[in-house]
Amino acid sequence: MARYIGPKTRISRKFREPIFGPDKNFEKRNYPPGQHGNSKKRAKVSEYSTQLMEKQKVKYMYGILERQFAKIFDKANRMDGITGENLLKLIESRLDNVVYRLGLSSSRSGARQLVSHRHITVNGKLVNIPSYTLRAGDVVAVREKSKSLETITESLASRMAKYGWLEWDNSQMAGKFINPPAREELTENIKEQVDCRIIL
């Protein structure tokens, strides 16, 4: 499957929650798409179906492809601790996600584009790989030539959320990745305890 670039509201309706952020269209029709979407009858959901839905939700939410997800899960499985929590820590440590969390873009897809188009540096060096994994202490900044970019300045102007695992210096347009977040610091509705191994 290639990276999804279609209607986001339809995907949000599939999972019955606005996984891409606030969505007025989802609020109007917060039931699954299709002619039977608004039906009150619910078919029995198997354990496999629940696991598959949770996996797909994470992939859509963070913009991760199947092969990438499998690699991240395998790495999380080999780490000490709870696999589900390790998985989220690794995903949250991706450069595109940190750029989004810092408020440099209003969406993860926009953050991925900023990284790919060489607007972001890590520890003073240009990095254009969205899946680049950050380590504790890494400094993510906007390249000097890109600091006046309208999409970045507008996003920073409306920046609301602050996170305990990130530090932001507005004067330098740079943020520090202190450490991967603990599970309780993440507000996303993800059931990471669901075992995805049978569907990888």
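In order along segment 103-113, the Karplus-derived 3J(HN,Hα) couplings, from 6.51 cos²θ - 1.76 cosθ + 1.60 at θ = phi - 60°, round to x, 6, 9, 7, 8, 5, 5, x, 5, 4, 5 Hz, and Gly and Pro are given as x.
Pairs exceeding 19 Å between alpha-carbon atoms, taken from K75/K176; K59/K125; K57/K89; K71/K176; K125/K176; K55/K176: K75/K176; K59/K125; K71/K176; K55/K176. Packing-based ranking of 131-142, 65-76 yields 131-142, 65-76, ordered from highest to lowest mean Cβ neighbour count within 10 Å. Remark on segment 49-127: ratio of C-alpha radius of gyration to 2.2 N^0.38 Å is 1.18.
Residues whose amide H comes within less than 5 Å of that of I120, counting only those at least five positions distant or on another chain, are V127, R143 (H built at 1.01 Å from N in the peptide plane). Projected over every direction and averaged, the convex hull enclosing the alpha-carbon atoms of segment 132-196 yields 6.1 nm².
Compared with the alpha-carbon gap, the fully stretched path from K75 to R183 is longer by 37.1 nm at 0.36 nm per residue. With each label modelled as a point 7 angstrom along the Cα→C-beta vector, the A174-A161 pair spans 2.5 nm. So what does the Cα-only Debye profile of segment 106-152 read at q = 0.15 Å⁻¹, as log10 I(q)/I(0), no solvent term? Each listed q maps to, in turn, -0.35. Accessible surface calculations at 1.4 Å, restricted to protein heavy atoms, place segment 93-200 at 54 Å² per residue. Packing, taken as the mean count of other beta carbons within 10 Å per residue, orders the peptides 83-93, 156-166 from highest to lowest as 83-93, 156-166. Legend: P(r) of segment 56-200 from all alpha carbon pair distances, 5 Å bins from 0, whole percents, reading 2, 10, 20, 23, 20, 13, 8, 4, 1, 0.
The values are calculated or read from the model by the stated rules, or taken from the named source; none is laboratory data. Everything numeric here is computed off the predicted structure, so don't read it as measured data. Using ideal geometry, Cβ is built from the backbone for each residue, glycine included, and neighbour counts are taken over all protein chains shown. For accessibility, only protein heavy atoms count, side chains too; no ligands or nucleic acids. Shrake-Rupley method; radii C 1.70, N 1.55, O 1.52, S 1.80 Å.
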